[in-house]
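The next block holds one structure in the form of structure tokens; read it before the comments.
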Amino acid sequence: MGFELSAKVDDLRDQVLAFMDAYVYPAEKVYFEQAEAADTLFDTPPIMEELKAKAKAAGLWNLFLPESDLGAGLTNLEYAPLAEIMGRSLIAPEVFNCSAPDTGNMETIHRYGSDAHKKEWLMPLLEGEIRSAFCMTEPAVASSDATNIQARIERDGDDYVINGRKWFASGVMNERCKLFIVMGKTDPDAPKHLQQSMILVPRDTPGIDIVRPLPVMTDLEPHYGGHGEIVFDNVRVPASNILLGEGRGFEVAQGRLGPGRIHHCMRLIGQAERALEDLCRRAMNRTAFGRKLCDFDTIRADIANSRIEIEQARLLCYQAADMMDKEGNKAARHLISMIKVIAPNIAQQIIDRAIQVHGAMGLTNDIGLARGWIYARFIRIGDGPDEVHREAIAKMELRKYAS
């Protein structure tokens, strides 16, 4: 099994690496300083718009969108090494218009939206003019089992009326967030996986109340545009805003969440690589008890284990992406679940080792390790907790022996 890069991807990889060195890494400190000085944590730091303009001018834009002439024309596998490079910096994905939750929402509208949806919402998202949110999780139920979701989407003439409470909607607090994709129940009497639907809801629709921001381990807020709790109170949108049709919410969710999950994993491999680099540099340049840290057996074991884990995770990520390209997201769901468990866990572990080697400084924001650890920890829950994915993997494995 080989995953050689094509000449096109190799060239894009060189361009993204050069862009990161020239513009993104030097801007990280400025970005977070501007975020802290802003009126709210959710305002977009001005440096971000400057970086996006540079990336768009360089043609490094919308690299994520497969099976479409609207992106760079890359497959999931071809995108993986580029996403890994972007993942080295928490601010980089948005620079290239490749950040969550917008990538998943753009793929959703591209796959399942009408021509009118694409014109009104997809094109501004692809241009980076607006942002979006995905509203699925609810405070009153265990939303890791999406069949529990209780928000109602009820037909009323030419409209749907939405009532319910959502929370942890990534990006909802950002001032440029103009669109919500909402999952809710259209038919509580239908078979379990045909009760839910997804619908497009403009942010300025009457009846939407953004109750409060939800600080998530604090320092991810500028990066994610804020998580919020939202009440939908008789929110009325045209019936044409439904995606794919009533009762097809799980079908849309599978199409959306597969790429979204693996994109996070690609980026986390980049975070792990950068953390290992920081660990090694620190270990080679710091002395304790008369020895360089890199001469201690425990540190050397941490370095070795980190390299092994990164290589394992990268290969599994590539394998999942390759199957998605060849056989579709549904066929690759077991591999997607595997990498969704492995990548956040190994990233969190490697970042933790790097923090330990840096001592007290590792806990500060003087270097990016603390924010990277938060991101990895967050993704162990986001897009499905580890336990749900392990359960899915086990069920698929046991089916082999059912006879």
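The values are calculated or read from the model by the stated rules, or taken from the named source; none is laboratory data. These numbers come from a predicted model, not from an experiment. Quick reminder, even Gly has a Cβ in these numbers, built from the backbone with ideal geometry, and neighbours come from all protein chains shown.
See the values below:
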{"read-out": "Per-region count, segment 265-298, residues exposed (fewer than 13 other Cβ atoms within 10 Å of the Cβ) and within 25 Å of the chain's Cα centre (by Cα)", "value": "1"}
{"read-out": "Verdict on Arg380 being out of contact with any Ser or Thr (no Cβ under 8 Å at 6 or more places or on another chain) and closer than 18 Å to Gly87 by Cα", "value": "yes"}
{"read-out": "Test: residue in segment 155-169 that is surrounded by fewer than 16 Cβ atoms within 10 Å (Cβ to Cβ) and closer than 22 Å to Glu251 by Cβ", "value": "yes"}
{"read-out": "Which listed residue is outside any helix (DSSP H, G or I), without any contact (Cβ under 8 Å) to a residue 24 or more places away in the chain, over 17 Å from the mean Cα position of the chain (by Cα) and more than 24 Å from Ala169 (Cβ to Cβ), from Asp366, Asp352", "value": "Asp366"}
{"read-out": "Sole residue being of a type outside the set (S, T, N, Q), within 15 Å of Asp278 (Cβ to Cβ) and either part of a helix (DSSP H, G or I) or in the same structural domain as Tyr79 (by TED's automatic domain parsing) (or both), chosen from Ala320, Ala376, Ala392", "value": "Ala376"}
{"read-out": "Count of segment 226-260 residues which are buried (at least 24 other Cβ atoms within 10 Å of the Cβ) and among the charged types (D, E, K, R)", "value": "1"}
{"read-out": "Which numbered condition Pro213 fails, given (1) buried (at least 20 other Cβ atoms within 10 Å of the Cβ); (2) at pLDDT below 95", "value": "(1)"}
{"read-out": "Any hit, segment 61-77, residues being within 20 Å of Ile130 (Cβ to Cβ), of a type in the set (Gly, Ala, Ser) and not assigned by TED's automatic domain parsing to the domain that holds Ile310", "value": "yes"}
{"read-out": "Hey, Asp115 surrounded by fewer than 21 Cβ atoms within 10 Å (Cβ to Cβ) and not basic (Lys, Arg) or not", "value": "yes"}
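Okay, residues lined up against (1) on the phi < 0 side of the Ramachandran plot; (2) in contact with a helix residue (DSSP H, G or I) (Cβ under 9 Å, 6 or more places away or on another chain); (3) in a loop (DSSP other than H, G, I, E, B):
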site: Arg13; (1), (2), (3): yes, yes, no
site: Phe19; (1), (2), (3): yes, yes, no
site: Glu36; (1), (2), (3): yes, yes, no
site: Asp39; (1), (2), (3): yes, no, yes
site: Gly59; (1), (2), (3): no, yes, yes
site: Leu65; (1), (2), (3): yes, yes, yes
site: Glu78; (1), (2), (3): yes, yes, no
site: Ser89; (1), (2), (3): yes, yes, yes
site: Cys98; (1), (2), (3): yes, yes, yes
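Condition check ((1) touching a residue at least 60 places away in the same chain (Cβ under 8 Å); (2) under 28 Å from the mean Cα position of the chain (by Cα)) across all residues:
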{"residue": "Arg300", "(1), (2)": "no, no"}
{"residue": "Asn305", "(1), (2)": "no, yes"}
{"residue": "Ile310", "(1), (2)": "no, yes"}
{"residue": "Asp325", "(1), (2)": "yes, yes"}
